[in-house]
Amino acid sequence: MALKATIFKVQLQVADMDRDHYGDYSLTLARHPSETDERMMVRLLAFAHNAAENLEFTRGLSSDDEAELWLRELNGEIALWIEVGLPAEDRVRKACNRAQKVRVYSYGERTAPVWWRKQQAALQRFDKLAVYYLPADACAQLAAMAERTMNLHVTIQDGQLWVSSGDASAEVVPEIWKQ
């Protein structure tokens with residue numbers, strides 16, 4: 001019998017001073033049985049970092065044909081394609097062919113730098129691509145905040161993200177590997 005996704009409900013408040021964007025979002029996240037709390041929280045952080053009215057989570061791990069998150073325009077075109085983790089070069093190429101902008105949020109203290117060293121030369125040719133690395137300690141703090149029902153507040157200023165939930169908080173300073 002296949003395991004089912006775990007559902008998480010999130011009330012997210014975003015104050016993005018870098019983009020002058022402020023919003024409240026009621027989100028439902030389905031965490032795939034093979035997904036960790038850390039990965040799910042990185043997806044949520046990517047949402048907050050790019051928050052917009054039409055930004056949405058897709059089927060993610062369940063679909064090879066969709067981004068983790070995407071922002072679609074009214075005519076159906078993909079304005080923003082977001083990947084989480086360490087995508088293969090062919091997946092990034094496909095995303096760059098389909099979307100106006102592509103962002104990758106990589107994480108993993110040991111795996112992400114190795115992935116970047118191997119992929120960097122191939123990924124440099126994509127003008128639409130931005131790659132961010134999220135430090136391991138910040139990702140661990142985010143994972144510790146994961147609960148089935150969450151109230152998160154995210155403040156973004158000067159490229160830094162402050163995430164708080166109750167008594168817990170995390171400061172995330174993404175390293176920009178490609179912009």
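Quick look at the values:
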quantity	calculated
Residue among Arg19, Arg39, Arg43 that is in a loop (DSSP other than H, G, I, E, B), of a type in the set (Lys, Arg) and within 24 Å of Val172 (Cα to Cα)	Arg19
Number of the exception - Ile176 against (1) β-branched (Val, Ile, Thr); (2) within 16 Å of the chain's Cα centre (by Cα); (3) open to solvent by 50 Å² or more (accessible area, probe 1.4 Å); (4) within 30 Å of Thr6 (Cβ to Cβ)	(4)
Criterion violated by Val114 - all others in (1) surrounded by 12 or more Cβ atoms within 10 Å (Cβ to Cβ); (2) closer than 22 Å to Val172 by Cβ satisfied	(1)
Contacts under 6 angstrom Cβ, first residue in segment 161-177 being among the charged types (D, E, K, R), partner at pLDDT 95 or above, 6 or more apart	Glu171/Trp162; Glu175/Tyr133
Matching residues in segment 91-109 - criterion: being part of a strand (DSSP E or B) and over 22 Å from Thr6 (Cβ atoms)	Ala99, Gln100, Lys101, Val102, Arg103, Val104, Ser106
Selected residue [among the hydrophobic types (A, V, I, L, M, F, W, C), closer than 17 Å to Thr36 by Cα and at pLDDT 95 or above] from Leu142, Leu161	Leu142
Residues of segment 72-90 classified as open to solvent by 30 Å² or more (accessible area, probe 1.4 Å) and either of a type in the set (S, T, N, Q) or part of a strand (DSSP E or B) (or both), total	2
Of all residues making up segment 152-168, the number that are open to solvent by 80 Å² or more (accessible area, probe 1.4 Å) and farther than 18 Å from Val131 by Cα	2
Boolean, Arg103 is open to solvent by less than 40 Å² (accessible area, probe 1.4 Å), under 19 Å from Pro174 (Cα atoms) and not hydrophobic (A, V, I, L, M, F, W, C)	no
Top-ranked residue in segment 30-71 [being in contact with a strand residue (DSSP E or B) (Cβ under 9 Å, 6 or more places away or on another chain) and open to solvent by 80 Å² or more (accessible area, probe 1.4 Å); ranked as modelled with the lowest pLDDT]	Ser62
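The values are calculated or read from the model by the stated rules, or taken from the named source; none is laboratory data. Since the model is a prediction, treat every value here as computed from it, not as a measurement. With ideal geometry, Cβ positions are generated from the backbone for all residues, glycine too; neighbour counts draw on all protein chains shown. Areas reflect the complete protein model, heavy atoms only, side chains present, ligands, DNA and RNA absent. Shrake-Rupley method; radii C 1.70, N 1.55, O 1.52, S 1.80 Å.
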